[in-house]
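Structure record follows, encoded as structure tokens.
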Amino acid sequence: MSRVFPEAKVFAAEDIRLGLSAEFERDISEADILAFASNSGDANPLHVDPVYAETTAYGGRLAHGAFQVALASALIGMHLPGRHVLLANLSARFPAPLYFPCRVRVRGEISAWNETTRGGQLKVSVVETSRQVPTAEIVLGFTLHEPAARVEPALHAPRASGQARGNRVVLVTGASGGLGSALVEALAREYDVLAMTREHPLSEHLLGLPGVQQWQCGLDDASQSRLGLMEALAGRPLYGVVHAAWPGAPLGGLLQAQDEVIESQILFGATTTVRLARLLFEAAGSDGGRFVAISSVVASQKPVLALSAYSLGKAALEGAVKLLAPELARRNVTINAVSPGFIPTGMNKHKSEQQRKLEASRVPMGRLCETNDVEALVSYLLSPAAGFVSGQIIGLSGGQL
């Protein structure tokens, strides 16, 4: 016997825009929670046994977190965007317990949308109405499965080169730099690489590699970055971020440095790292993800007076890595920093042979750090073998103190 369901609303791609919202209210009864426990198999006594629940610190039964996720699913599937939607990924947090029986208001707002790829995000809140307490915050990534009319690529759209091969996707920032280019080439052997550049495009060699896609976008606009990432991923989860970008290494001490120079280094080390972590937290799949930041031994380990602002900025990056680790762990996402010594590439590529020999003489192993040393450590930190390594600052100093 077939069951008759209500009709879902229909929003076509051209109807969707940032800020578009929908909401509904409903009562949650004991019967709702017991039915959910029976259907899901989650009959934890905190949800179904009133005697047990009263003995806990909560003092009563709580609605399942997954039940609130189901309410968000009802909003996206029946109200906004409705009939043509397909859920791609989600992240959720529960800032307060939801006791029942109760009445809740479920509200969703389009927080990201790209008409070219028919992909977007719906940010949903669940609020217990009698106390006006938010009990769930859920971000749902979605695509539309209606036939897509041809739309010309938007300005700054990712440039496709090598075809995606169905591998996990890793975003590399600073992809056109010396170290960034080497990392793109190395990682493309195992991953589909989204190579993020700003002023300088990728080399023709990198653009021709299978699985490498160029994304020209700045890191200073969080909303633009989120929209661009959704477009580039086209509904696929993001597995990893390798953050190799950096806004130069200004010379001089802090007392002589201009305020804006110091601020730009600190903001890039801290704020930009947090922004990228948010993107990964939202876009990671059910199997979690990896964040690897490229720092330097001249950060916390061995700051250099002649590069004071740079050392301070990299130290801010390392601090952000440590503080982000426990938060990202909720999505099974690890974050670590690789701190190499002097590398004869990137900002050091113009150093003289004499300067390189001098730097090498200070390394107990008798040689400079090479790009393949960094590639090997980054590859390990992206691998399943490093699944329990997080919040660590790992130096590549060759034994140098």
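Laboratory data are not the source of any read-out in this text; all were calculated from the coordinates shown. It should be emphasised that the depicted structure is a prediction, and the values quoted were computed from it without experimental measurement. In this analysis, Cβ positions are derived from the backbone assuming ideal geometry, glycine residues included, and neighbour counts consider all displayed protein chains.
Remark: the Gln392-Ser286 segment gains 35.9 nm on full extension, using 0.36 nm per residue and subtracting the alpha carbon distance.
For the chain, the membrane-span-like helices by this rule, meaning whole DSSP H stretches whose C-alpha atoms cover at least 24 Å of axis and whose Kyte-Doolittle mean is -1.0 or above, are 308-328; this says nothing about an actual membrane. The H on the amide N of Trp113, modeled in the peptide plane, is under 5 Å from the matching H of Gln121, each at least 5 residues off or on a different chain. For the range 16-23, putting each phi into the Karplus relation 6.51 cos²θ - 1.76 cosθ + 1.60 with θ = phi - 60° gives couplings of 7, 8, 4, x, 4, 9, 8, 7 Hz, in residue order, rounded to whole numbers and with x for Gly and Pro. Here the Gaussian network model covers the chain, with springs between Cα atoms less than 10 Å apart; of Leu305, Leu279, Leu202, Leu305 fluctuates the most. For the chain, the share of DSSP beta bridges that are antiparallel, to the nearest 5, is 60%. Using a simple spin-label model with pseudo-atoms 7 Å out from Cα toward Cβ, Leu207 and Val133 lie 5.7 nm apart.
For Ala234, no residue 5 or more places off, or on another chain, has a built amide H under 5 Å of its own. How far is it, in nm, from the label point at Ala12 to the one at Arg83 when both lie 7 Å from their Cα along the line to the Cβ? A separation of 1.2 nm, rounded to one decimal place.
Rounded to 0.05, the FRET efficiency of the Ser29 and Asn332 pair, given R0 = 22 Å and the Cβ-Cβ distance, is 0.05.
Per-residue Karplus couplings for the range 336-342, computed as 6.51 cos²θ - 1.76 cosθ + 1.60 with θ equal to phi - 60°, are listed in order as 9, 10, 9, 10, x, x, 4 Hz, Gly and Pro entered as x.
The H on the amide N of Gly252, modeled in the peptide plane, is under 5 Å from the matching H of Leu307, Ser308, each at least 5 residues off or on a different chain. Whole-Hz Karplus values for the range 389-401 come out as 9, 7, x, 9, 10, 10, x, 10, 10, x, x, 6, 7 Hz, taken residue by residue from phi with 6.51 cos²θ - 1.76 cosθ + 1.60 and θ = phi - 60°; glycine and proline positions read x. Taking every DSSP bridge with both residues inside the range 159-396, close to 10 percent are antiparallel. In plain terms, the chain from Glu370 to Ala66 could stretch by 104.7 nm, reckoned as 0.36 nm per residue minus the Cα-Cα distance. Neighbours of Asp287, meaning other residues whose beta-carbon lies under 11 angstrom from its beta-carbon, give a summed charge of +3 when Lys and Arg score +1 and Asp and Glu score -1.
The charge dipole of the range 13-144, taken about its Cα centre with unit charges on the Cβ atoms of Lys, Arg (+1), Asp and Glu (-1) only, comes to about 240 debye. Calculated on C-alpha atoms, the gyration radius of the chain divided by its Kirkwood radius gives an Rg/Rh of 1.04. Spin-label model, Leu251 to Gln354: label points 7 Å out along the Cα-to-beta-carbon direction sit 1.5 nm apart.
When Lys and Arg each count +1 and Asp and Glu each count -1, what net charge do the other residues less than 14 Å away from Ala320, Cβ to Cβ, add up to? Around Ala320, the surrounding residues sum to +2. The gain in end-to-end length when the Leu46 to Glu199 segment is fully stretched comes to 49.6 nm, 0.36 nm per residue minus the alpha carbon separation. Comparing Ser390, Ser311, Ser264 in a Gaussian network model of the chain (Cα springs below 10 Å), the most mobile by mean-square fluctuation is Ser264. When the chain is treated as a GNM with alpha-carbon contacts under 10 Å, the residue of Asn332, Asn114, Asn372 showing the greatest mean-square fluctuation is Asn372. Local charge for Leu46 was computed over the other residues whose Cβ lies under 12 Å away, with Lys and Arg +1 and Asp and Glu -1, and equals -2.
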